[in-house]
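The values are calculated or read from the model by the stated rules, or taken from the named source; none is laboratory data. Nothing here was measured: the structure is a model prediction, and the numbers come from that model. Here the Cβ positions follow ideal geometry from the backbone for every residue, glycine too, while neighbour counts run over all protein chains shown.
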Amino acid sequence: ANRKFHPTDTVVDCGFGVKIGGGNFQVIAGPCSVEGENLIRIARRVKAAGATMLRGGAYKPRTSPYAYQGMGVEGLDLLCEARAELGMPIVTEIMDPRDVQIFLDKKIDVMQIGARNAQNFPLLKEVGKTQTPILLKRGMSGTIDELLMAAEYIMSEGNDNVILCERGIRTFETRTRNTFDLNAVPVLHYLSHLPVVADPSHATGYTRYVEPMALAATAAGADGLEIEVHDDPSHAWSDGAQALTPDMFDDVMRRIQIIREAI
Ligand code: PEP
Ligand code: MN
């Protein structure tokens, strides 16, 4: 992952002609969880607004075992249906090394490693044996160096298609869900050749803060953003408090474009 070994930026090809890194900027958007039929409605809206990849969790890492755990394989199938209709790559979280084969069978375009699994070394090694692009999130209390070493676990098994993701870290601050470490964007670009995405949804935890932090991350040079969008946030099965509505997402995408043109 070290830029010393690879002075030029890595460009990760996520399929459907969507490349990220080295000047290619992409927005990943969709609901926190795949919940059912609303996925396709949300997907159509985020694509129309300019998102180039669709996200949605089918396997959810929830704090409580009694909270919604995700639709599993059925959720992957809904993502695949949306991909077939819209012709865009899908990004979804994998939590268990035993699920790698299912993700390969379904040809999931990008496997997300969540913050809670950022140091799940058996999982990192297992996805490292594939060639599927990996969206690797920073751990909840992970340092930048720990994120880079997690990337090394994947790359040392042979998979160089790693996208790093800053999604906020746990600090003493309680007014936001996490503390968005915007420093990580330029620091990761200095240390590493890998693409860097920012997730202002999990980094802030509140709808009202998502837009300003999305714009800030864009201005800081992020190669992309991951943003949660839901058509009825107050009834979302997870992370409704940080979801943008499709109308809000339209506005954010317009402003992101203005920042992109300005930098
Ligand atoms: C998610 O993307 O829905 C998610 C659970 O994110 P994180 O791992 O960053 O908390
Ligand atoms: Mn979420």
Check whether at least one residue in region 102-118 is within 16 Å of ligand 1 (Cβ to nearest atom), free of Cβ contacts under 8 Å to residues at least 12 places away in the same chain and assigned to a loop (DSSP other than H, G, I, E, B), and report yes or no. no
Among the residues of region 179-211, the number that are small (Gly, Ala, Ser) and more than 14 Å from ligand 1 (Cβ to nearest atom) is 1
Return yes when MET140 is in contact with a strand residue (DSSP E or B) (Cβ under 9 Å, 6 or more places away or on another chain), assigned to a loop (DSSP other than H, G, I, E, B) and of a type in the set (A, V, I, L, M) and no when it is not. yes
ALA198 vs. criteria in contact (Cβ under 8 Å) with a residue 12 or more places away in the chain and within 15 Å of ligand 2 (Cβ to nearest atom): yes
In region 68-126, residue surrounded by the most Cβ atoms within 10 Å (Cβ to Cβ) [restricted to those that are over 18 Å from the mean Cα position of the chain (by Cα) and within 15 Å of ligand 2 (Cβ to nearest atom)]: MET71
How many residues does region 1-49 hold that are at positive phi and surrounded by fewer than 16 Cβ atoms within 10 Å (Cβ to Cβ)? 5
Within region 237-245, does at least one residue satisfy the condition of being in a helix (DSSP H, G or I) and farther than 22 Å from THR92 by Cβ? no
Quick one: is GLU146 at pLDDT 95 or above and closer than 22 Å to GLU35 by Cα? no
Taking only region 13-51 into account, find how many residues are within 13 Å of ALA82 (Cα to Cα) and of a type in the set (Val, Ile, Thr). 4
Quick check, is ARG177 in contact with a His (Cβ under 9 Å, 6 or more places away or on another chain) and surrounded by fewer than 24 Cβ atoms within 10 Å (Cβ to Cβ)? yes
If you go through ALA214, ALA236, ALA222, ALA243, the only one that is of a type in the set (Gly, Ala, Ser) and either in contact with a Phe, Trp or Tyr (Cβ under 9 Å, 6 or more places away or on another chain) or more than 16 Å from ligand 1 (Cβ to nearest atom) (or both) is ALA222
